[in-house]
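The structure appears below as structure tokens.
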Amino acid sequence: MDGFQLPPLVELVLENGFIDEEQAQTMVRANLTDGTPYKTQILETGALSEEDLLTLMAGSQGTDVIELSSVVFDETLKNLVPVGSVRQHSLVPVEATSEYATFATADLVETDVIDELTFLLSREIRFVFVPEAALKAVIDEYFSGSDVSDALIEDMGELDGMGDDEKGIESAAASAPVIRFVNLVLYQAITDRASDIHIEPFEKDFKIRYRVDGALYEMNPPPLSMALPIISRIKVLANLNIAERRVPQDGRIALTVAGRQVDLRVSCLPTVHGESVVLRVLDRSAVSLDLENIGLPEDIYEGITIDIEKPNGIFIVTGPTGSGKTTTLYSCLRAINKPDTKILTAEEPVEYDIAGLVQVPINPQQGNTFAKVLRAFLRQDPDVIMVGEIRDLETAEIAVQAALTGHFVFSTLHTNDAAGAVTRLVDMNVAPYLISSTLQAVLAQRLVRTCCAGCKTLYDPDDDALNRLGLTRADIGNRKFAFGKGCKICNATGYKGRKGVFEFLRMSNPVREMINAREPTLVIREKARELGMRTMREDAIRNVLDAYTTVDEVLRYT
């Protein structure tokens with residue numbers, strides 16, 4: 001463990017001579033092995049009492065140890081932060097002013113928790129120390145009821161009479177309840193791993209929904225009268241014109257939430273009942289951009305790593321919107337991103353900023369089209385080019401030309417399967433001989449929801465389920481299928497997280513001959529299967545047999 005940074009609490013106790021170096025390293029190992037808290041381990045040594053340890057921590061932070069019995073927990077304190085945050089981090093608000101908020105804790109607080117509280121409350125965060133038993137008693141007594149969103153919605157009701165003129169809306173959008181409510185909506189979406197936030201005013205109600213693992217979930221809605229201030233607050237954060245509500249607007253919000261950099265792409269669309277706002281959450285830390293971590297089966301992973309190292313050619317990832325195509329492409333680019341390789345990307349818009357890549361945003365309104373940018377790329381002496389999407393013949397022809405002149409090209413298409421990508425290019429009027437001579441491989445993918453680990457239940461499938469999947473009893477042997485019963489962890493959905501299912505078509509001479517002969521998709525797919533390609537349905541069934549996902553998910557997405 002040489003050079004290893006000790007946790008702050010262990011380091012504090014070591015520096016003050018209560019434990020030695022060997023004990024410190026034993027504590028770190030115990031925490032890594034079975035999660036035993038450092039505070040518990042320190043008190044078990046008997047070197048100091050909890051009171052002494054609290055005094056030591058308070059001294060190191062320049063603060064005090066207090067008596068919780070002297071604090072009056074009024075509505076302001078009880079509704080200051082979400083109940084979930086209080087219980088999760090074992091922190092209790094004991095004082096709140098417009099400049100700062102003070103929390104009682106029984107342990108040193110991690111920096112990402114401080115970031116979270118600073119973000120939620122938009123003020124300085126301070127701490128005082130209290131014994132653990134007293135802290136738990138207060139949490140159980142005062143912080144077990146409804147969540148903070150209910151209280152914030154009540155607060156916002158007081159803003160109803162502020163008028164719908166520009167000044168009134170600006171004033172409401174800048175009010176504390178609206179700012180805190182918007183912060184809570186953004187924070188909750190990010191911690192729930194939502195990919196999108198939908199904020200939609202209708203004739204009689206106002207909806208806020210999160211898309212988690214591909215499905216939409218509604219949160220407790222604020223009053224309809226608060227639609228304008230809430231949407232205006234989001235437009236202020238995204239640097240958009242809050243007075244303009246008749247034309248679509250696009251913007252971006254950059255946030256730091258719980259120590260993580262998160263980008264939100266904001267799209268405002270005028271509707272009959274006001275503006276509909278959708279925020280796409282781009283949380284870099286929630287997405288692994290390493291090729292070995294995106295869930296590829298081993299044989300496909302090996303095939304891709306060989307193909308993307310080739311000096312020229314085209315590699316296409318295909319699938320519907322939201323199937324993880326961009327993540328796969330970035331992962332491929334990361335794998336070949338070396339100092340001796342010049343990589344240029346054309347994207348609409350740039351989703352993740354990656355060091356070492358020259359990334360160009362596409363903006364058709366300004367005349368910056370894929371075709372125009374691609375032509376400019378070829379004058380920039382690249383080795384590898386990534387085109388966000390091949391949409392038309394012009395873009396396809398330039399991509400083929402680039403591959404023929406010694407460049408490797410990555411791109412995406414919207415087709416149902418891998419073989420369909422070939423016929424889509426033919427439909428665009430790209431000459432079949434050009435496709436067969438430049439295309440190296442096509443990866444088709446979908447994302448299926450995985451069973452929640454907290455409520456996963458195994459069962460013996462009936463004949464109907466097997467028939468729907470085209471399986472026999474002999475195919476499954478004694479393996480069981482799985483489904484999620486629904487629990488708190490997964491919001492009673494039975495699913496938590498998603499997993500890729502893939503179909504990998506590598507070019508071979510028989511397939512190239514079929515492309516030149518303009519054979520239909522079905523014939524190309526059957527030949528590829530003869531040569532060893534697994535279809536997406538077959539890959540998905542493998543995930544059912546391994547109890548990762550359910551029969552319904554497989555039938556829905558493949």
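The values are calculated or read from the model by the stated rules, or taken from the named source; none is laboratory data. Just so we're clear, the structure is a prediction, and the values are computed from it rather than from any experiment. Ideal geometry is used to build each Cβ from the backbone, glycine not excepted, and the neighbour counts take in all protein chains shown. Protein only, heavy atoms only, side chains kept; ligands, DNA and RNA dropped before computing areas. Shrake-Rupley method; radii C 1.70, N 1.55, O 1.52, S 1.80 Å.
For this structure, a couple of remarks:
- Test: residue in region 438-456 that is farther than 22 Å from Glu553 by Cα and out of contact with any strand residue (DSSP E or B) (no Cβ under 8 Å at 6 or more places or on another chain): no
- Taken together, the residues in region 320-341 that are out of contact with any strand residue (DSSP E or B) (no Cβ under 7 Å at 6 or more places or on another chain) and either assigned to a helix (DSSP H, G or I) or farther than 24 Å from Arg211 by Cβ (or both) amount to 9.
- Failed item, numbered, when Asn79 is tested on (1) on the phi > 0 side of the Ramachandran plot; (2) in contact with a helix residue (DSSP H, G or I) (Cβ under 9 Å, 6 or more places away or on another chain): (1)
- Screening region 17-108 for helices (runs of 4 or more DSSP H) wholly inside it with 3 or more residues that are closer than 11 Å to Phe129 by Cβ and either without any contact (Cβ under 8 Å) to a residue 60 or more places away in the chain or open to solvent by 20 Å² or more (accessible area, probe 1.4 Å) (or both) returns the ranges 50-61.
- Residue within region 481-497 that is in contact (Cβ under 8 Å) with a residue 40 or more places away in the chain and touching a helix residue (DSSP H, G or I) at 6+ places or on another chain (Cβ under 7 Å) present: yes
- If you go through region 194-211 and keep only what is touching a residue at least 60 places away in the same chain (Cβ under 8 Å) and within 17 Å of Val278 (Cβ to Cβ), you end up with Ala194, Ser195, Asp196, Ile197, His198, Ile199, Glu200, Pro201, Phe202.
- With respect to being assigned to a helix (DSSP H, G or I), out of contact with any Cys (no Cβ under 9 Å at 6 or more places or on another chain), open to solvent by 30 Å² or more (accessible area, probe 1.4 Å) and polar (S, T, N, Q), Thr118 fits the description.
- Spans of strands (runs of 3 or more DSSP E) in region 445-558 with at least 1 residues within 28 Å of Val317 (Cβ to Cβ), of a type in the set (D, E, K, R) and open to solvent by 40 Å² or more (accessible area, probe 1.4 Å): 495-506
- Scanning region 305-332 for residues being open to solvent by less than 30 Å² (accessible area, probe 1.4 Å) and within 24 Å of the chain's Cα centre (by Cα) gives a total of 12.
- Among residues of region 234-258, those that are modelled with pLDDT under 85 and surrounded by 14 or more Cβ atoms within 10 Å (Cβ to Cβ), counted: 3
- Out of Asp417, Asp427, one residue alone is out of contact with any Leu (no Cβ under 9 Å at 6 or more places or on another chain) and over 19 Å from Asp381 (Cα atoms). It is Asp427.
- Just one residue in the set Leu68, Leu91, Leu80, Leu53 is more than 34 Å from the chain's Cα centre (by Cα) and closer than 20 Å to Ile139 by Cα; that residue is Leu68.
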